[in-house]
Each structure stands twice: as structure tokens, then as C-alpha cells.
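> Let me begin by handing over the structure; questions about it come next.
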Amino acid sequence: MASRSRSYTQLLGLLSFNIIILLSVTTTMAVRVGVILHKPSAPTLPIFREAPAFRNGDQCGSNEADHIHIAMTLDTNYLRGTMAAVLSLLQHSTCPENLSFHFLSLPHFENDLFSSIKSTFPYLNFKIYQFDPNLVRSKISKSIRQALDQPLNYARIYLADIIPTSVDRIIYLDSDLVVVDDIEKLWHVEMEGKVVAAPEYCHANFTHYFTKAFWSDPVLVKVLEGKRPCYFNTGVMVVDVHKWRKGMYTQKVEEWMTVQKQKRIYHLGSLPPFLLIFAGDIKAVNHRWNQHGLGGDNFEGKCRTLHPGPISLLHWSGKGKPWLRLDSRKPCIVDHLWAPYDLYRSSRHSLEE
């Protein structure tokens, strides 16, 4: 009996030891899994076809002064649009090898985005910069469309602080556009001492851009007194980066964003602060350089037709994006103007190849 009792005791001890080991291993696995789950995961990026090589014409210079600097954001959701925009810029440029791209992206994804761009445009002169979303996360107020509330939508405000100090001028472009003219024409615009150059529309009704809280505040409303009611779209801008830095315009935009947080003076994302600072005081360029609004309104994204006149740049600002409408087989007529620049390698393209 004593021997049998010792056997039971030994068995129970062995079982207890195994249970402890099992619990320890399970706990360790749970901790490891927890770490993995909380680690930012790389997005599944679309696959793109390799673009052809674009070479300079004989008249192109090769010095640093001959470079044209272009800034864009790299958003995983808009990458297909960015690729089309880059292709359009290269295809219509007389000196494509002189285009220097400065891409702003969120942390954690730059390696995947770099690989995607490099495989699509092997000869492209570009650099990716990390944009810290914490710079604006606490300053962003909810707008009329969720896409406008993303931190990367505000990266253009910090552009002058991120790119190299050697860059004195830059063209900022949104990702939902294509250029159908030589971008060098826009690059050489005479700024006439202004900080920003862009197509300008001087019959704007500013009551649509600002709330009753703004118009009823006697101090705030003085900001627009004596200014021409001129609207411009911040998706296409030539920026004198030197003057922007010297004038501390990043801080000025941030100040208006702080007022917005306190009093809710506008509804439309990052545009209104630019209007409060620059409206009526930019260098106006020809409207052909921003045929905007092709994405429709910010609520439904209904189809729109082209404005009359010559066109150098087509811009799908608004809710409707051409790649989404084409994929849904419900494209607008203008979306077919974007399609030739689409490098997306779908399963259909793979089968055709």
C-alpha cells in the first residue's frame, strides 16, 4: 500500500510539473503573439508594371540647378494614383531625368513603398521622407470627409521643414492627378515675390468655406478684410520654400488649426488655413495647370465634365477617384483620360501577358 501511495504521489507531482511547464510555455506564446499583434503590419501593396525608361533631350542640362523638385505624399491607399501621376510627369517632360521626387510617407511603410517605386521606376531620382503623424494628430479637427482627416493630408504644411535646406523651390502635387504637359513650364513661373503660385479663382464665396462661428467673431473676420476673395486648390502649388521658412508659415498654419480646435471655424480639412493666410496674395498661374474637381463633390463624387479651355493638368479632387470608378465598372467619361497612365498589374493584365 505504501509503495502504491508513493506511486500516486510521484504521478501527481509529475502531472503538476508538466502543467506548470505547459502554462509557462502558453504564457510565453501569448506574450509573443501579443507583441506581434501590436506591431504595425505592412500593408499589401498593389503590384505595378515596370514603366519604360525616359531619357533627357539633347537640350537638357545636367547640373543641380537644372533639377525640378516635385513633392508628393505616399499613401498606401492612393499609391495607384501616385504611380499614374509620376508616369504622366515623366512621359510629358522634355528633361525627365532632371525631375527629383520628394515623397512623404508615414513611418513603418517606407521600405515597402521604396521597393514598389524602385521596381516600377528603376531610373527615377527620388527620396522618401518619414512624416511623423504626431505633428498634426492632436491638431486635426473632423471635416466633411474622412479622407481629409488623415495626418498625411496635412504633410504639405511641414514640407519646408522636411526636405533638404538646399531646395529653395518645389512643386507640390496631389496623388489624384495626371500631368499632360511639360512640368518645366510650371516650374519656371515667375513668383514675383510671392510664397505660393497656383491657379487662382477670384470670384469665390468664402461663406461656403467658413462657419457662422467665424463670421460672427469680430476679431477673426478681420483677417479677410481688404483681401480679394480668391480661392486656390492646395493640390497643385509652386512653393518658394526659402520664403516659407523665413516667414514661418508652418507655425502660422498651425495657429489657425489651434483656433479651429477651439471654435470650429471651418469644415474642409487642410485648405481653409491656407486661404486665411494666402487668399488673394499668391502668384496666379494659368487655370490650365489645375483642371480640378473631376472627382465630383465631397459627398457623392458625382461625374463632372471638363471646363472649357486648354488643359495641362487633370485633377480628380473630390470624393470620386478614377481607379475606384474604373474598377467598379462605373467610370465617368473623364476617368478614361486617367486610364492610359495606370500601371496597376491586375490579374487580368497577368493573364493577358
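The values are calculated or read from the model by the stated rules, or taken from the named source; none is laboratory data. Fair warning: this is a prediction, and the values are worked out from it, not measured in the lab. Here the Cβ is made from the backbone with ideal geometry for all residues, glycine too, and neighbour counts use every protein chain on show. When the accessible area is computed, the model is the full protein with side chains, heavy atoms only, and any ligands, DNA or RNA have been set aside. Shrake-Rupley method; radii C 1.70, N 1.55, O 1.52, S 1.80 Å.
> Residues of segment 229-261 with backbone nitrogen within less than 17 Å of a virtual label 7 Å along the Cα-to-Cβ line of CYS202, please, listed as ranges.
Answer for this model: 229-233.
> Also: Could you compute the FRET efficiency for ASP149 and LYS227, with r as their C-beta to C-beta distance and R0 at 22 Å, rounded to 0.05?
That gives a FRET efficiency of 0.20.
> If the cut-off is 25 Å between C-alpha atoms, which lysines fall inside it for LYS194, apart from same-chain ones fewer than 8 positions away?
LYS185, LYS222, LYS227, LYS243, LYS246, LYS252, LYS283
> Explain nothing, just the number: relative contact order of segment 64-287, from Cα pairs under 8 Å at least 6 residues apart, as a whole percent.
Rounded, it is 26 percent for segment 64-287.
> Could you give the accessible area per residue of segment 158-216, probe 1.4 Å, as a whole number in Å²?
Spelled out: the 1.4 Å probe surface of segment 158-216, per residue, equals 44 Å².
> Placing +1 at every Lys and Arg Cβ and -1 at every Asp and Glu Cβ, with all other atoms neutral, what dipole size does segment 64-287 have around its Cα centre, in debye to the nearest 20?
Computed about the Cα centre, the dipole is about 980 debye.
> Looking at segment 64-287, what % of its DSSP beta bridges pair antiparallel, to the nearest 5?
35
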